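The values are calculated or read from the model by the stated rules, or taken from the named source; none is laboratory data. Here the structure is a predicted model, which is why all the values come from computation and not from measurement. Here Cβ is always computed from backbone atoms with ideal geometry, including for glycine, and neighbour counts include all displayed protein chains.
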Amino acid sequence: MQALQLTAPGVLKLRDVEVPEIGPRDLLLRVGAAGICHSDLHVLHAPTRMRAEPMTLGHEVAGTIEALGSDVSSLRAGERGLVYLCWSCGECRECVSGNENVCIAAGRTAMPPCPGLGPDGGMAEFIRIPASSFVPIDDLDFAQAAPLADAALTSYHAVDGAREHLGPGSTAVVIGVGGLGHVAVQILRAVSATRVIAVDTSRDKLDLAARCGADLGLLSRPEAAAQILDLTEGRGADAVFDFVGIDATARMAVESVAPNGAYRMVGLGGGVPGVTADPAGGPGWPWGASVRKSYAGRKSDLLASIALARAGKLRIEVEEHALADGVDALGRLERGLVSGRAVLLP
């Protein structure tokens with residue numbers, strides 16, 4: 001089969017490799033579509049390899065069961081589904097409580113094994129997965145479904161973790177209307193009564209946010225935090241979701257979140273918010289506000305995202321590319337040319 005593999009730091013190649021062998025509790029999935037995420041760029045440019053041999057990228061994967069391990073009896077060949085990206089132990093107190101994304105077996109890093117971030121991922125014609133990670137999607141289109149595995153999962157988890165702040169009369173801010181942000185706008189619209197303000201550096205992305213249901217759009221400029229305060233009578237936004245995570249957006253979140261509000265860090269830009277233990281007031285951190293660094297999501301978040309997609313309340317803005325053009329597609333993402341989510345089709 002063909003697979004898009006990281007062969008050295010910064011080196012990505014389409015290679016001919018063996019179809020993976022499966023164990024008794026595994027599935028062999030014929031890939032229908034694989035989404036491209038900014039996390040793939042982080043892996044691509046990491047200074048050291050994730051493991052010694054070449055690694056296939058791709059953690060947003062949809063496809064059809066091709067073969068089943070000998071111990072798998074609850075599924076059948078031909079079923080269509082998504083791959084839940086947190087390959088957790090399923091037995092620790094976090095997993096049995098439904099918090100598979102922070103599995104205790106993963107230690108303090110709290111990042112269970114994930115396809116394309118250690119185990120081979122889905123930017124290939126086939127992928128080996130644990131049978132426990134398979135989530136049915138019935139007749140959802142593969143290109144639409146694949147980004148649900150992260151872009152929707154992660155967005156839904158961040159929104160759900162701040163849901164108590166999103167009642168009638170509230171305001172939520174979505175910073176960064178990219179692959180995750182444009183999904184978050186739709187999820188906020190579907191599950192809450194909050195007013196949604198989208199912030200981005202691109203007017204095209206703000207237009208996308210408007211199509212996704214955002215009430216207002218602001219260009220990401222130094223005065224954006226002050227504009228948010230003006231729009232909320234000086235109090236600030238009840239929830240701020242930062243899907244960029246650089247210094248400028250982290251500062252914007254701190255300066256625009258309301259007292260008792262929620263700041264959710266999702267983007268991996270390495271930004272420093274500057275939350276300090278000093279008296280509240282002015283542009284600093286307000287009393288009662290919470291900050292949470294949100295990673296991926298629970299399997300229940302993925303099921304909820306699939307339900308929204310099946311109900312027509314969530315639609316991914318998709319840019320389709322052939323697997324053979326995967327290197328170019330990642331380049332487009334890195335240059336900021338992708339609207340929504342780029343998806344590779346084997």
Review point. Out of the range 106-150, which residues are among the acidic types (Asp, Glu) and under 23 Å from Ser73 (Cβ atoms)?
Key: Asp138
Practice item. Please work out if Pro115 is closer than 23 Å to Pro24 by Cβ and crowded, with 24+ Cβ neighbours inside 10 Å. Key: yes
Practice item. Would you please name the residue that is farthest from Glu320 (Cα to Cα), looking only at residues in the range 27-41 that are out of contact with any helix residue (DSSP H, G or I) (no Cβ under 9 Å at 6 or more places or on another chain) and surrounded by fewer than 21 Cβ atoms within 10 Å (Cβ to Cβ)? Key: Leu28
Check your understanding: Hey, does the range 185-194 have a residue that's in a strand (DSSP E or B), modelled with pLDDT of 95 or more, touching a Leu at 6+ places or on another chain (Cβ under 6 Å) and not basic (Lys, Arg)?
Key -> no
Check your understanding: All but one of (1) in contact with a strand residue (DSSP E or B) (Cβ under 7 Å, 6 or more places away or on another chain); (2) of a type in the set (Phe, Trp, Tyr); (3) surrounded by 19 or more Cβ atoms within 10 Å (Cβ to Cβ) hold for Trp287; which doesn't?
Key -> (3)
Review point. For the range 245-345, which helices (runs of 4 or more DSSP H) that fit wholly inside it have 1 or more residues that are farther than 16 Å from Ser155 by Cα and within 16 Å of the chain's Cα centre (by Cα)?
Key: 326-334
Check your understanding: Looking at the range 209-228, is at least one residue in a helix (DSSP H, G or I), over 22 Å from Leu308 (Cα atoms) and under 23 Å from the mean Cα position of the chain (by Cα)?
Key -> no
Check your understanding: If we keep just the residues of the range 74-86 that are at pLDDT 95 or above and surrounded by fewer than 22 Cβ atoms within 10 Å (Cβ to Cβ), which is nearest to Ala322 (Cα to Cα)?
Key -> Arg80
Practice item. Could you list all residues from the range 163-185 that are surrounded by 24 or more Cβ atoms within 10 Å (Cβ to Cβ) and closer than 30 Å to Phe134 by Cβ? Key: Gly178, Gly179, Leu180, Gly181, His182, Val183, Ala184, Val185
Practice item. Pull up the range 191-208, narrow it to residues that are crowded, with 18+ Cβ neighbours inside 10 Å and in contact (Cβ under 8 Å) with a residue 60 or more places away in the chain, then point me to the one that is farthest from Leu308 (Cα to Cα). Key: Lys205
Exercise for review: Kindly establish whether Leu57 is at pLDDT 95 or above, closer than 27 Å to Gly178 by Cβ, crowded, with 16+ Cβ neighbours inside 10 Å and within 17 Å of the chain's Cα centre (by Cα).
Suggested key: yes
Exercise for review: Check whether at least one residue in the range 252-263 is without any contact (Cβ under 8 Å) to a residue 40 or more places away in the chain and in contact with a helix residue (DSSP H, G or I) (Cβ under 7 Å, 6 or more places away or on another chain), and report yes or no.
Suggested key: yes
Revision key, fill the gap. Every listed condition ((1) over 26 Å from Ser133 (Cβ atoms); (2) buried (at least 17 other Cβ atoms within 10 Å of the Cβ); (3) basic (Lys, Arg)) holds for Lys299 save (1)
